[in-house]
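Every number in this text was worked out from the coordinates using simple rules, so none of it is lab data. All figures in this text were calculated on a predicted structure; none of them were measured in a lab. Virtual Cβ from ideal backbone geometry, glycine too; neighbours counted across all protein chains shown.
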Amino acid sequence: METLLDFAAGALTLGFLIVGLFFLRFWRSTGDGLFAAFAIAFALLGIGQAMLTFMEVRDEERSLLFLFRVAAFLSILVAIWRKNRQTN
């Protein structure tokens with residue numbers, strides 16, 4: 001059962017990184033900072049998931065690794081805030 005969980009965690013990590021590359025491509029073609037924020041956020045989510053999976057951290061020590069998720073969601077929130085504050 002543990003092998004299946006490791007496989008699913010690896011697939012999730014790969015999915016996060018692929019979606020990050022997808023948004024990076026849109027950022028390169030449009031230059032919109034919101035796409036860059038999503039690319040950074042998904043890269044952070046992928047890195048955090050990979051570290052949780054491959055470092056085999058005990059449950060009580062995982063709270064520091066969740067800071068990757070907090071940073072990812074904060075980058076999205078800041079990008080949305082900046083996008084709404086722009087004057088056209």
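For segment 30-88, taking the residues that are out of contact with any helix residue (DSSP H, G or I) (no Cβ under 7 Å at 6 or more places or on another chain) and of a type in the set (D, E, K, R), the one that is surrounded by the most Cβ atoms within 10 Å (Cβ to Cβ) is identified as 32.
Going by the structure shown, is residue 51 more than 11 Å from the chain's Cα centre (by Cα) and over 18 Å from residue 71 (Cα atoms)? Answer is no for this residue. Considering only segment 51-80, state which residues are over 14 Å from residue 40 (Cα atoms) and β-branched (Val, Ile, Thr). Answer for segment 51-80, where residues must be over 14 Å from residue 40 (Cα atoms) and β-branched (Val, Ile, Thr): 53, 57.
Which one is farthest from residue 2 (Cα to Cα), of the residues in segment 35-88 that are of a type in the set (D, E, K, R) and either part of a helix (DSSP H, G or I) or in contact (Cβ under 8 Å) with a residue 24 or more places away in the chain (or both)? The extreme case among them is 85.
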